[in-house]
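This report refers to the structure that appears directly beneath it.
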Amino acid sequence: MKSTTKPLLDAWQWQMRASCRGLDSAVFFTPHGERGRARKRREEAARAICRSCPVSTACGSFATASGQYYGVWGGRTEAERRVERGVPRPR
Ligand code: SF4
């Protein structure tokens with residue numbers, strides 16, 4: 001019987017071409033207590049990296065499909081993804 005499952009490596013192959021590969025992940029994820037301008041500046045720095053990333057579509061799709069709650073994925077912030085999911089903004 002022929003297997004219909006996809007090799008696991010294929011599912012993650014897009015990460016090998018990611019522009020953020022090897023960079024400090026702190027650019028993409030909110031440190032505890034970060035707010036306001038500091039958050040906006042960090043998120044813009046992350047989005048600038050994502051803009052030139054050849055796998056941003058795959059990255060954004062993965063974040064949506066797997067329900068990634070934190071971080072910038074595919075050039076979209078956690079707040080933007082929350083809005084897309086219809087989840088209200090925390091107070
Ligand atoms: S889109 Fe951004 S977060 Fe996603 S792999 Fe590319 S650089 Fe990394």
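The values are calculated or read from the model by the stated rules, or taken from the named source; none is laboratory data. Small disclaimer: the values here were computed from a predicted structure and weren't measured. Reconstructed Cβ throughout: ideal geometry from the backbone, glycine too, with neighbour counts over all protein chains shown. Just the protein is used for accessible areas: all its heavy atoms, side chains included, with ligands, DNA and RNA removed. Shrake-Rupley method; radii C 1.70, N 1.55, O 1.52, S 1.80 Å.
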If we scan the range 72-89, do we find a residue that is more than 8 Å from the ligand (Cβ to nearest atom), open to solvent by 30 Å² or more (accessible area, probe 1.4 Å), under 20 Å from Leu23 (Cα atoms) and part of a loop (DSSP other than H, G, I, E, B)? no
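Residues are listed down the side, and each one gets a yes or a no for (1) of a type outside the set (A, V, I, L, M, F, W, C); (2) more than 8 Å from the ligand (Cβ to nearest atom); (3) outside any loop (DSSP other than H, G, I, E, B); (4) open to solvent by 70 Å² or more (accessible area, probe 1.4 Å):
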site	(1), (2), (3), (4)
Met1	no, yes, no, yes
Ala11	no, yes, yes, no
Met16	no, yes, yes, yes
Gly22	yes, yes, no, yes
Arg42	yes, yes, yes, no
Ala48	no, yes, yes, no
Cys53	no, no, no, no
Thr57	yes, yes, yes, yes
Tyr69	yes, yes, no, yes
Only one of Ala58, Ala11, Ala48 is at pLDDT below 95 and of a type in the set (Gly, Ala, Ser), namely Ala11
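Condition check ((1) β-branched (Val, Ile, Thr); (2) over 15 Å from the mean Cα position of the chain (by Cα)) across all residues:
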site	(1), (2)
Thr5	yes, yes
Ala11	no, yes
Phe62	no, no
Gln68	no, no
Arg82	no, no
Arg85	no, no
